[in-house]
1. Could you grab me the full set of residues in the stretch 34-58 that are loosely packed, with under 12 Cβ neighbours inside 10 Å and under 17 Å from G108 (Cα atoms)?
2. Identify, from the list C22, C10, the residue that is assigned by TED's automatic domain parsing to the domain that holds P141 and within 24 Å of K140 (Cα to Cα).
3. Tell me which residues, restricted to the stretch 114-138, are crowded, with 18+ Cβ neighbours inside 10 Å and not hydroxyl-bearing (S, T, Y).
4. Have a look at A179, A149 and point out the one that is touching a Cys at 6+ places or on another chain (Cβ under 8 Å) and more than 17 Å from M1 (Cα to Cα).
5. Answer yes if at least one residue in the stretch 86-105 is more than 30 Å from R218 (Cα to Cα) and surrounded by fewer than 13 Cβ atoms within 10 Å (Cβ to Cβ), and no otherwise.
6. Specify the residue that is farthest from G121 (Cα to Cα); the eligible residues are those in the stretch 1-23 that are away from the ligand (no atom under 16 Å from the Cβ) and out of contact with any His (no Cβ under 9 Å at 6 or more places or on another chain).
7. Of all the helices (runs of 4 or more DSSP H) wholly in the stretch 116-226, which have at least 2 residues that are within 16 Å of the ligand (Cβ to nearest atom), within 17 Å of D11 (Cα to Cα) and not assigned by TED's automatic domain parsing to the domain that holds F45?
8. Out of F146, F206, F181, which single residue is closer than 19 Å to T99 by Cα, under 16 Å from the mean Cα position of the chain (by Cα) and not aliphatic (A, V, I, L, M)?
Amino acid sequence: MPIDLIIFDCDGVLVDSEVISCRAHADVLTRHGYPITSDQVFERFLGRSTRQANLEIETELGRKLPEAYHGDLQDELFRSFEADLEAIRGIHDALDIVTQHVCVASSGSHQRMRVSLGSTGLYERLAPNIFSASQVKNGKPAPDLFLFAAKQMGVPPGRCVVIEDSLAGIAGARAAGMAVFGFYGGSHCRDGYAETLRQAGADLLFADMHRLPELIRRAEAKALAG
Ligand SMILES: [Mg+2]
């Protein structure tokens, strides 16, 4: 089966945002009375939904996070993205080379992607094919967002490949019946992370985005031979 569509996750795949995001969460949570380090945010909350994380924190605090927390977090996050965020190394080159259609499927909001993709020169390359979990009923690990993105792009799931760096994303892609490549080149990925992605069911693993066009070609050749 040829591959007609590459669906990219956003955070950790297109933009190197996870370290910045953990730092912003740690700063703002600490400011609002829940002292936590960036490393602790990483260990406890990375890849989990904001809702789940907030519930856990509120249970520990014994009170709701104040209304101002949410606005302060967004301000801090967007300010840090604009100041420090970088595209994943090699992504612009890879996008220059691949011949397939491309789109984005992210758990983050459209507003967040406008800032993160916008500040790295990726927004204008990928818009309007940018889809958010806010457009579907169930976010990752459900297949909904990947199936929605494929449908919008007019490509059947069996001709899509998803590029993901999270366990929830890999589970969602597999549930959607799509091939999935696990990417572990983000600066948040620690030793052993590739193995975690492999166990989650990624079809192959890579850490250098420059290799993507070649990996897609190989996957197509293998499918043809098989
Ligand atoms: Mg991600």
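1. Selection gives R51, Q52.
2. Step by step, each of C22, C10 is checked, and only C10 is assigned by TED's automatic domain parsing to the domain that holds P141 and within 24 Å of K140 (Cα to Cα).
3. V115, L117, L122, I130, F131, A133, V136 - these are the residues of the stretch 114-138 that are crowded, with 18+ Cβ neighbours inside 10 Å and not hydroxyl-bearing (S, T, Y).
4. Going through A179, A149 in turn, just one is touching a Cys at 6+ places or on another chain (Cβ under 8 Å) and more than 17 Å from M1 (Cα to Cα): A149.
5. no
6. Residue satisfying both the conditions and the ranking: M1.
7. Answer list for the stretch 116-226: 144-153, 167-175, 193-200.
8. F181
The values are calculated or read from the model by the stated rules, or taken from the named source; none is laboratory data. On a predicted model such as this, the values are computed, not experimentally measured, just so you know. Neighbour counts are summed over all protein chains in view; Cβ atoms, including those assigned to glycine, are modelled from backbone coordinates with ideal geometry.
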